[in-house]
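A short worksheet on the structure shown next.
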Amino acid sequence: MRIVMTGSGYVGLVSGACLADFGHEIICVDKDERKIAKLREGGVPIYEPGLADLIARNVKAGRLSFTTDLATSVADADVVFIAVGTPARRGDGHADLSYVYDAAREIAGALKGFTVVVTKSTVPVGTGDEVERVIRETNPDAQFAVASNPEFLREGAAIEDFKRPDRIVVGIEDERARPVMEEVYRPLYLNQAPLLFTGRRTSELIKYAANAFLAMKITYINEMAELCERVGADVQQVARGIGLDNRIGSKFLHAGPGYGGSCFPKDTLALVKTAEDSGAPIRLIETTVAINESRKRAMARKVIGVCNGSVRGKTIAVLGLTFKPNTDDMRDAPSLSIIQALQDGGAQIRAFDPEGIEAAQPLLQNVDFFHDPYAAAQGASAVVLVTEWDALRALDLSRLRGVMAGNGLVDLRNIYRPEVAEAAGFIYDSVGRGMAPEPEMLVEAAE
């Protein structure tokens, strides 16, 4: 099939490369000339494990190409995906759909012959109806059907998720779209991946409902972690104990500093706004959003705690900046709120991340960045482990302690065992594993 992917960001690029690997002819379109130029030169504008090789292989095979010319690309397409950004709108939290509707108008003017236009961007319920109206208004003679096909990709594992999905959801109102979408996903359907056809509005809601449920699950175990710290229990054992119940499951029960990234923060907020506007408020998700926002900054208090109640004038090393490992995505990363809170307290920040420094630099002021965790920890009063990169899972704790001026270690991902960290000379605090350490004098190298 000849498929156009409108938008060459994270979703569009991964989806386009994977569909090309299935044998389809894919054209990825983007208005950003620098991005398209980089892709044509063999570069990749985002970090995702395996993506660069996947793109290179399909470009070489002639199945994947990149352009800024949407009109020419759409004219011969069987399917046009809309995979543009839908960020939270400033002021009210609703999803900003201006990019979606702009794409729909431009696509409408170029349609020739029957074409299925598919919203792959995460959009509120009813967006497909509006996309259909926009196309019909722009080009009354166009032969088309609008479908919804939400993505369920985890950053860091997106290629595997696309090629071996739990399910493929397609929302349609026009039966002519069904055989076309079946053909798009035939390679996956033959591998027994469930292909679920629903109404278009139902499909749109499935995406939001799924993300909101997972965000709520993360927030739930974070609340349990707070309780564990107060009563002397271990949240990791609590998570294991409840996760073995098949009705609950073990995934997304890892306590930490709160969720971030490109999906959960904006999608939960957009769902809350949609529910409010529909007269069916979702109190559970409203509370989830509020708890998650407050939790990120609250993590800074753990750092202040191991620094005897004050970080003013002290150097703090933050290891791991992206919202999760195996991505360079800094959107709503917990590290942003933690660093801001520490800076508000008077701390000087040194930071390390394997892939996120370039994306982090425009977002963080007065931070010194390093490409080595030990260099970042040099002279620090305390170290904070924020993202569980593999590079941070096997640190030489004795070496780390040796380059520091102090002995505070705050492990927000529960990577290390408390007894191991304490044996290396650290005042150690983690998330939801018994009582927080008693206040004691911070050891400084100058002593």
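The values are calculated or read from the model by the stated rules, or taken from the named source; none is laboratory data. Keep in mind the model is a prediction, meaning the values are calculated, not measured. Using ideal geometry, Cβ is built from the backbone for each residue, glycine included, and neighbour counts are taken over all protein chains shown. Please note that ligands, DNA and RNA were not included when accessible areas were found on the heavy atoms of the full protein model with its side chains. Shrake-Rupley method; radii C 1.70, N 1.55, O 1.52, S 1.80 Å.
Observations, loosely collected:
- Potential lengthening between Arg90 and Gln237 on full extension [0.36 nm per residue; Cα-Cα distance subtracted]: 48.9 nm
- Gain in span if fully extended, Asp245 to Arg2, counting 0.36 nm per residue against the direct Cα distance: 83.0 nm
- Ellipticity estimate at 222 nm from DSSP helix runs (n ≥ 4, -39,500 (n - 2.57)) divided over the chain, nearest 500: -13000 deg cm²/dmol
- Among the listed pairs Lys38/Lys60; Lys207/Lys266; Lys163/Lys217; Lys38/Lys163; Lys31/Lys120; Lys35/Lys266, those with a Cα-Cα distance over 20 Å are Lys163/Lys217; Lys38/Lys163; Lys35/Lys266.
- Using a probe of 1.4 angstrom and keeping all protein chains present, the accessible surface of the chain works out to 44 square angstrom per residue.
- Length-normalised contact order for region 51-129 - Cα pairs under 8 Å, 6+ apart - percent: 35 percent
- The alpha-carbon atoms of region 305-436, seen along their principal axes, cover 37, 31, 27 angstrom, with the largest extent given first.
- Gap separating the Cα centres of region 252-291 and region 323-365, nearest whole Å: 22 Å
- Ligands, DNA and RNA left out, the 1.4 Å accessible surface of region 2-196 is 46% carbon and sulfur atoms.
- The value of relative contact order for the chain, using C-alpha pairs under 8 Å at least six residues apart, is 12 percent.
- Cleavage-rule hits (GluC sites (Glu not before Pro)) in region 337-443: DSSP loop, at most 13 neighbouring Cβ within 10 angstrom: Glu440
- For region 209-430, the dipole from Cβ point charges (+1 on Lys and Arg, -1 on Asp and Glu) about the Cα centre works out to 360 debye, to the nearest 20.
- Exposed loop sites here mean trypsin sites (Lys or Arg not before Pro) with a DSSP loop assignment and at most 14 other beta-carbon atoms within 10 Å; the chain contains its longest site-free run at 1-89.
- Set of aspartates and glutamates near Lys296 by C-alpha distance (under 15 Å), chain-local residues within fewer than 8 positions excluded: Glu223, Glu226, Asp332, Asp344, Asp411
- Surface accessible to a 1.4 Å probe, Leu269 within the full protein complex, Å²: 50 Å²
- Neighbour cut-off at most 15 other Cβ (10 Å), DSSP loop, GluC sites (Glu not before Pro), region 1-99: Glu41
- Among beta bridges identified by DSSP and lying wholly in the chain, the antiparallel ones come to about 5 percent.
- Accessible-area composition of region 271-310, carbon plus sulfur, in percent [1.4 Å probe]: 55 percent
- Relative contact order %, region 2-196, counting alpha carbon pairs below 8 Å whose residues are six or more apart: 20 percent
- Here the spin labels are modelled as points 7 Å beyond Cα on the Cα-Cβ line, and at Ala75 and Ala209 they lie 4.3 nm apart.
- Distance (nanometres) between label positions extended 7 Å along Cα→Cβ at Ala52 and Ala37: 2.0 nm
- Taking the Kirkwood radius as Rh and the Cα radius of gyration as Rg, region 209-430 has a ratio of Rg/Rh equal to 0.98.
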